[in-house]
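In what follows, a single structure is set out as structure tokens and then discussed.
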Amino acid sequence: MKNNFHSAASFVLCLVCLLIITSISGCANVSTNGKRASQQEELPKALGNAELYTYELAQELFANMTTDRQYRYAVVGFVPAASMRQDIAQQGPLMLLSHQLEQGLTTEAVRRGFIAQDYKATNTIIMSDYSERALSRNVEHLRAVQSIDYYITGTIVEQETGAIVNARIINVRNKDVIAAATKFFPAELFWQKEQVSLRNGMLYRTAEPLKHNLKSGE
């Protein structure tokens, strides 16, 4: 009788210990999952964060540069690495990336104390019936000689879900690359990610994630 009592007591004690361990483990899982969810929520979304990605590219590009007031920097448009020229027919999700890089890196250079030379600034204000402007691509409106010591430019390599931007600072006189940086820019910087994307002039449908197919039994 006494042995049966001890056996029953041991069984109850083991059961209680098991329940306590299970409860602690469950709390730990909830805490871990909650922490992961919180971390995921803190990650910035690509849409509308072109400035953030440009800033991070500039951080790497100017990391080892020292400002010197005697030098002038000109930010020139970024071009596709394959063709080395802009294609006005390109209508992909990152069609505005080159313009954003040019304008954004000009801002980032000035913020860091560098003197940015705007070679598109006109000799005078151009007036029209409805507006006025001081920027132009018409060489007749621009200075014949530009005081530029360094170019800030680079290339864009298109990827399936975005583009790799390779930026560099080039000495105008001897073409030496004195600084360089690389940054991936996601495709949904300017528009929401779509099911159809354009690559190399051809349309592609975005495949559904594999886990969804497995759940549906396909």
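A few notes on this one:
- Residues (surrounded by fewer than 18 Cβ atoms within 10 Å (Cβ to Cβ) and either hydrophobic (A, V, I, L, M, F, W, C) or closer than 18 Å to Tyr71 by Cα (or both)) located in segment 172-185: Val172, Arg173, Asn174, Lys175, Asp176, Val177, Ile178, Ala179, Ala180, Phe184
- Among strands (runs of 3 or more DSSP E) entirely within segment 71-171, having at least 1 residues that are of a type in the set (Phe, Trp, Tyr), in contact with a helix residue (DSSP H, G or I) (Cβ under 8 Å, 6 or more places away or on another chain) and surrounded by 15 or more Cβ atoms within 10 Å (Cβ to Cβ) singles out 72-75.
- Single unsatisfied condition, Leu94 versus (1) at pLDDT 90 or above; (2) in contact with a Gly (Cβ under 8 Å, 6 or more places away or on another chain): (1)
- Within segment 71-87, one or more residues are farther than 21 Å from Val165 by Cα and not hydrophobic (A, V, I, L, M, F, W, C).
- Within segment 94-114, the only residue that satisfies the criterion of being among the polar types (S, T, N, Q) and in contact with a Ser or Thr (Cβ under 7 Å, 6 or more places away or on another chain) is Gln100.
- Residue count for segment 107-137 under the criterion of being within 16 Å of Gly77 (Cβ to Cβ) and not hydrophobic (A, V, I, L, M, F, W, C): the result is 8.
- With respect to (1) loosely packed, with under 15 Cβ neighbours inside 10 Å; (2) over 17 Å from Leu189 (Cα atoms); (3) under 21 Å from the mean Cα position of the chain (by Cα); (4) modelled with pLDDT of 90 or more, the lone exception for Gln39 is condition (4).
- Odd one out for Leu198, checked against (1) surrounded by 14 or more Cβ atoms within 10 Å (Cβ to Cβ); (2) in contact with a strand residue (DSSP E or B) (Cβ under 8 Å, 6 or more places away or on another chain); (3) at pLDDT 80 or above; (4) not small (Gly, Ala, Ser): (3)
The values are calculated or read from the model by the stated rules, or taken from the named source; none is laboratory data. Quantities reported herein were computed from a predicted structural model and do not represent experimental measurements. Backbone-built Cβ (ideal geometry, glycine too); neighbour counts: all protein chains shown.
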